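J.: Structure incoming, see below.
Bear in mind these aren't lab numbers, they're just calculated from the coordinates by the rules spelled out. Keep in mind the model is a prediction, meaning the values are calculated, not measured. Neighbour counts run over all protein chains shown; Cβ positions are idealised from the backbone, glycine included.
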Amino acid sequence: MLSNEKDIRLSRLDLCYPCKKTNDKTNFNLFLERCSKKLRRNRAIKNFSLKYNSLSSILKIGKCGSLNHFRVYKNYREIRFELEQRGLKLKAVQNFIFEGQIQSFEQITVDMFFKYSKKVLITDENYTGWLIDFYRRQNSTNTH
């Protein structure tokens, strides 16, 4: 046991959902633009940007270092949905790790990831089928 165990804390958690690129006809940039429009309507989310470059596009929500920093982009192999979390939310769940309750930690952090994803992404799109699938499975488990 460490003498300074009270000083150990979880300061950042990165969660990522990678999706294989599909060959569907849906345009990734259009998807990001639709998400951006959703964010503009949500007055609670102030800091977001949609940037294009020659390789890809990236939607950033929140500032780097803020409590929630969400990114959506594609690389050569996949589309990545990433959530970087800091602060009070992590403080509330870090004891699950330190006490060996990994399953509880995973459940809570996965729920936070999917809840935030649903808040910032449009859900009627091929790119977010994984998000709808998660909520369908959650609902079917809760009803059984």
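J.: Counting Lys +1, Arg +1, Asp -1, Glu -1, what net charge surrounds residue 12 among other residues with beta carbon under 15 Å of its beta carbon?
T.: Charge balance near residue 12 sits at +3.
J.: Still on this structure, I have one more. Which entries of 20/89; 38/89; 20/46; 46/74; 60/119; 38/91 have Cα-Cα distances beyond 21 Å here?
T.: Cα-Cα > 21 Å for 20/89; 38/89; 20/46; 46/74; 38/91; rest within.
J.: Using DSSP to define loop residues, name the GluC sites (Glu not before Pro) in the range 35-144 whose beta-carbon has at most 12 other beta-carbon atoms within 10 Å.
T.: Of the GluC sites (Glu not before Pro), the ones in loops of the range 35-144 whose Cβ has at most 12 other Cβ atoms within 10 Å are 99.
J.: Treating the chain as a set of equal point scatterers at the Cα positions, no solvent, please give the Debye-formula log₁₀ I(q)/I(0) at q = 0.08, 0.11, 0.22 Å⁻¹.
T.: With one equal scatterer per Cα and no solvent, log10 I(q)/I(0) is -0.26, -0.49, -1.44.
J.: Explain nothing, just the number: dipole magnitude of the chain about its Cα centre with +1 on each Lys and Arg Cβ and -1 on each Asp and Glu Cβ, in debye rounded to the nearest 20.
T.: Dipole size: approximately 780 debye.
J.: Over the range 14-143, what is the relative contact order in percent, taking alpha-carbon pairs closer than 8 angstrom and at least six residues apart?
T.: Once divided by the residue count of the range 14-143, the mean separation gives 22 percent.
J.: Which trypsin sites (Lys or Arg not before Pro) from the range 39-144 combine a DSSP loop assignment with at most 11 other Cβ atoms within 10 Å?
T.: Sparse-neighbourhood loop trypsin sites (Lys or Arg not before Pro): 43, 46, 77.
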